[in-house]
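Below is one structure; the comments refer to it alone.
Every number in this text was worked out from the coordinates using simple rules, so none of it is lab data. Everything numeric in this text was worked out from a predicted model, so none of it was measured. For neighbour counting, all protein chains shown are included, and Cβ atoms are generated from backbone atoms with ideal geometry for every residue, glycine included.
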Amino acid sequence: MSQDNIQSTLHEDRRFPPSTDFINGSALSSSKVNELNLKSKGDNQEFWAQQARTEIDWHTPFETTLDSSNAPFYRWFPDGQLNASYNCLDRQLEKNADKTAIIFEGDAGDVQHITYRELHAQVCTFANALKAQGIAQGDRVIIYMPMISEAVIAMQACARIGAIHSVVFGGFSASSLKDRIEDTQAKMVITADGGHRGGKVIELKSTTDSALNAGCDSVKSVIVFKRTGHDISMQADRDIWWADAEKGQTSECEPTWVDATHPLFLLYTSGSTGKPKGIQHSTGGYLLNAITTMRWVFDIQNSDVFWCTADVGWITGHTYVAYGPLATGATIVIFEGVPTYPDAGRFWDMCERHSVSIFYTAPTAIRALIKQGDDYPNSHDLSKLRLLGTVGEPINPEAWMWYHTVIGKERCPIVDTWWQTETGAHMLAPVPSVTVTKPGSCTLALPGIDAAIVNQEGEEITTANEGGYLVIRKPWPSMIQTVWGDDQRYKDTYWPYFDGKFYLAGDSARRDEDGYFWIMGRIDDVLNVSGHRLGTMEIESALVANSLVAEAAVVGKPHDVKGESVFAYVVLKGERPEGGVDNELTQTLRAWVGEQIGAIAKPDEIRYADNLPKTRSGKIMRRLLRTIAKGEEITSDTSTLENESILPQLQGKA
């Protein structure tokens, strides 16, 4: 860790308090939020115990709230027993049986409504099918599906019988799938013949076959859902169609009661070494924070239609599609396609047709839609929207303002949420009925979360706007349990400093004069320019604040004198300059950053492209950008890129 604190360069003075109408219609008053904060600061464990008793239906009530005897392997509610599927489905049957649980829309526009009664029956039937195929409590099951209702059904069915699911994003390659199968030693893969995306068929079964043909001896069976109907190969002694697996199965399945610490799922995230880490989450603690954040951050109410656009291959799709909304009895939207097909109005068209009231998406999607202009959202009735959210990375202030004015019509609070695969649920986020928001800030820690900014000695930084390392100082229920099969890597990655007392988030951040948190970028995305440590996110925000720029990504490039130089990739709202470089435009943007931040942050090089290199989930592949900036050969797997054709542009060859 560096001895220098990270310098903050971004200044934002705009403030947006919640409207009187939103406050009056909210389920959470300021006095209730103050009460939650006071209780959590007074006795944190008792606070979480009360939440767990209130929000979760326990089969065996817990007596012990937190076992810290083997820290940092914290165990929440260890002597309690429950079932996640029961808490999502069975307990909805008394009051919400005929309420719509899922509104599914396919890429081509096909729409399906599933009630809680129907979803419960489908999950039970498929759970029985899994048992008939030999899947039992503790077995690992890989789910490699398109973004369709059956992906959630498969997850819930695994949870119902105590099997541990590991969802692999449908855009991952055969090699990535093979790595995850082998690390989990999965007994089964659940997949589909393919999926529909942007008017094209996405192969899934053939990719699964490629992975299995390269090894994966642990897999005994493959269940295949027929989504596209195109020809695929089926291996007689291993593969079975979903419909055939369900034949003869009943729609009643008694839930398997598991310990609260039983792994609900494994979800793989990239590691700095390139070997993916299997993030292990518990059942009880994870489910609790999924529920509480639905209430606190999304103000979820019975009449809401909640649309989180994330794929279930990511943690956001776990917590805010498959578990949190269903455990609170919400109606959710699931969408198979992309926001720009058949045109860039798809999201807004769906919000209008399905009466979406809460919309939660990624800044990358917002910025991509900004580039398409305001006519698309302005041609749709978005009056049912009452709350907007962002997830995945810090949102730059100008994108925040567009979201606020064009989509929210200046009446919808925006909840900018900071959290990670490892945290399981929101850690820093506004409570929309209470918190005054600031464009670009994830505001404050939620009740029960002890977040802080510290220096390299672990001492809290109290000076406003002085950057440091973001840590969480007390355990919380939905926290990562370990890295699957590698306890030492868990300790080395998340508890390496401060005598192992604080969870290291891996992000740099600052707090302003009001105590609001501002994420400055990943610790490994901090640039050291002539001895100044600069967060890449702030330089990116400055670039995007220019009216000519739609998106930007900043990385460091080794420099003989400065140590590192600032290398920027820019996507313009207009046409890309011929040849990829325009000296006059580059000088204009360099001067702009100098005005916004200071001369030290001016990009030394700017390269223009039609798009940034993103995975199909919208995540920017920053490692790839660093490789290109250094002029090195690309050796990493690029098969998950949404558009590989932009690589020559990024390399300055087109």
key: Cα-based Lys pair tally, segment 173-318, threshold under 27 Å, eight or more apart or on separate chains   = 23
Reachable lysines, given that their alpha-carbon falls under 17 Å from the alpha-carbon of K384 and they are not under 8 places away in the same chain = K409
message = For a quick check: sort F126, F47 by the number of other beta carbons within 10 angstrom, fewest at the front.
response = F47, F126
ask   = aspartates and glutamates near K557 by alpha-carbon distance under 18 Å, same-chain residues fewer than 8 away left out - which ones?
value = D524, D525, E538, E540, D604, E605, E632, E633
query = So how do 155-161, 587-593 stack up, highest first, on mean other-Cβ count within 10 Å?
reply = 155-161, 587-593
note = For the chain, percent of DSSP beta bridges that are antiparallel (nearest 5) comes out at 60
remark   = Along segment 411-427, Karplus-curve 3J(HN,Hα) (6.51, -1.76, 1.60; θ = phi - 60°) to the nearest Hz, with x for Gly and Pro, reads 10, 9, x, 10, 9, 8, 9, 9, 6, 9, 3, 6, 7, x, 7, 4, 10
remark   = Among G563, S69, V544, the residue whose Cα sits farthest towards the positive end of the charge dipole of the chain (+1 at Cβ of Lys and Arg, -1 at Cβ of Asp and Glu, taken about the Cα centre) is S69
request  = Please list 187-194, 387-394 highest first by mean number of surrounding beta-carbon atoms within 10 Å per residue.
outcome  = 187-194, 387-394
task = Just tell me which aspartates and glutamates come within less than 13 Å, Cα to Cα, of K438; anything on the same chain fewer than 8 places away is out.
result = E12, D13, E398, D416, D512, E513, D514
query = Once the Cα atoms of helix 30-42 and of the chain are each reduced to a long axis, what angle between those two axes, in degrees from 0 to 90 to the nearest 10, is obtained?
reply = 80
request  = Note down the magnitude of the dipole of segment 336-470 about its Cα centre, charges +1 on Lys and Arg C-beta and -1 on Asp and Glu C-beta and zero elsewhere, to the nearest 20 debye.
outcome  = 560
query = Once you measure Cβ to Cβ distances between cysteines in the chain, which Cys have no partner under 4.7 Å?
reply = C88, C158, C216, C308, C351, C412, C442
query = What does the charge dipole of the chain about its Cα centre add up to, to the nearest 20 debye, if the Cβ of each Lys and Arg holds +1 and the Cβ of each Asp and Glu holds -1?
reply = 240
task = With just the Cα atoms of the chain, tell me how far they stretch along each of the three principal axes, in Å, largest first.
result = 70, 59, 51
remark   = Rounded to the nearest 5, the percent of antiparallel DSSP beta bridges in segment 246-395 equals 40
note = Listed with the fewest Cβ neighbours within 10 Å leading, S383, S282 appear as S383, S282
note = Phi-derived 3J(HN,Hα) across segment 132-141 with the Karplus relation (6.51, -1.76, 1.60, θ = phi - 60°), rounded Hz, x for Gly and Pro, is 5, 8, x, 7, 9, 3, x, 5, 9, 10
key: Gap separating the Cα centres of segment 582-616 and segment 343-415, nearest whole Å   = 26
remark   = The Cα radius of gyration of segment 546-650, divided by 2.2 N^0.38 Å with N its residue count, comes to 1.07
ask   = Using Cα atoms only, what is the angle between the long axis of helix 583-596 and the major principal axis of the chain, expressed in degrees (0 to 90) to the nearest 10?
value = 80
remark   = segment 95-170 and segment 196-240 have their Cα centres apart by a whole-number Å value of 18
remark   = Computed over the chain: longest principal axis from alpha-carbon atoms vs helix 284-296 long axis, angle to nearest 10 degrees, is 60
inquiry  = I need to check one value: relative contact order of the chain, counting alpha carbon pairs closer than 8 Å and at least 6 residues apart, in percent.
reply    = 14
query = Taking amide H positions as placed 1.01 Å from N in the peptide plane, with prolines and chain starts having none, which residues 5 or more places from V529, or on another chain, fall under 5 Å of its amide H?
reply = L534
